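Right, one structure below, let's go through it.
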C-alpha cells in the first residue's frame, strides 16, 4: 500500500517492513520508525547539521547513516510546525 501526503510538494509514504520512509525522486529524506507501543521517531536526513529544538543528534552522520536526526513523537499533536519545518528542510537538502 502506498499513501501520498502533500505538503506543498509531492512525496509518498511507502511502508517497508517496519519503517515507512518518505521518498522523493527515489531518495529517502525522512523516516517514520516505531520505537515502542506509545512512541514513534520521525527521522530526517539532515547531514552534519547541529541539532536544535526537539531534534536529537544520534551521531548518524559520523556513522554514515542517512537518517541523522530524529524527533520522538508520543502524541499526534506533537507533529507540529517544528516537525513540518524539518521535513521541508530535509526535502530541500535532498533536491
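The values are calculated or read from the model by the stated rules, or taken from the named source; none is laboratory data. Because the structure is a prediction, the values reported are computed rather than measured. Backbone-built Cβ (ideal geometry, glycine too); neighbour counts: all protein chains shown.
Considering only segment 12-22, I want to know if a residue exists there that is part of a strand (DSSP E or B), closer than 18 Å to residue 88 by Cα, touching a helix residue (DSSP H, G or I) at 6+ places or on another chain (Cβ under 8 Å) and at pLDDT 85 or above.
No: segment 12-22 contains no residue that is part of a strand (DSSP E or B), closer than 18 Å to residue 88 by Cα, touching a helix residue (DSSP H, G or I) at 6+ places or on another chain (Cβ under 8 Å) and at pLDDT 85 or above.
Residues in segment 58-72: is at least one surrounded by fewer than 16 Cβ atoms within 10 Å (Cβ to Cβ), within 13 Å of the chain's Cα centre (by Cα) and in a helix (DSSP H, G or I)?
no
State the number of residues belonging to segment 33-56 that are surrounded by 12 or more Cβ atoms within 10 Å (Cβ to Cβ) and within 16 Å of residue 89 (Cα to Cα).
Within segment 33-56, residues that are surrounded by 12 or more Cβ atoms within 10 Å (Cβ to Cβ) and within 16 Å of residue 89 (Cα to Cα) number 11.
For segment 79-95, how many residues are farther than 14 Å from residue 28 by Cβ, in contact with a strand residue (DSSP E or B) (Cβ under 8 Å, 6 or more places away or on another chain) and either outside any loop (DSSP other than H, G, I, E, B) or in contact (Cβ under 8 Å) with a residue 60 or more places away in the chain (or both)?
4
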